[in-house]
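Visitor: After the structure tokens below, expect a handful of questions from me.
Just so it is clear, none of the values below were taken in a lab; they were calculated from the coordinates. These numbers come from a predicted model, not from an experiment. Cβ coordinates were reconstructed from backbone atoms using ideal geometry, including for glycine residues, and neighbour counts include every protein chain displayed.
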């Protein structure tokens, strides 16, 4: 079993607890360019903690990285 894959799946299902996207999963937010940019920016502002690690896992995925390159 691929542990990285499990971690990515967990990150996809993580719900944001506050702000514009409160209650939405990371995967749902990332469906739009605006949402993906939001997640990328959020990851840059958070210094540490669970959300920082979850965003690192999600945004570190090769397919997500490719999407980010397309919209920047």
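Visitor: Which value in nm describes the separation of the simple spin-label points at residue 10 and residue 63, placed 7 Å from the Cα toward the beta carbon?
Guide: Using points 7 Å along Cα→Cβ, the separation is 2.0 nm.
Visitor: Counting just the Cα atoms, what span does the chain cover along each of its three principal axes? Round to the nearest Å and put the largest first.
Guide: Cα spread of the chain along its principal axes, largest to smallest: 35, 27, 22 Å.
Visitor: Can you put 25, 32 in order, fewest other beta carbons within 10 Å first? Walk me through the intermediate numbers first.
Guide: Numbers: 25 15, 32 11.
Exposure proxy ranking, most exposed first: 32, 25.
Visitor: Another question, if that's okay. Quick one: if you stick a label point 7 Å off each Cα along the C-beta vector at residue 53 and residue 33, how many nm between them?
Guide: 3.4
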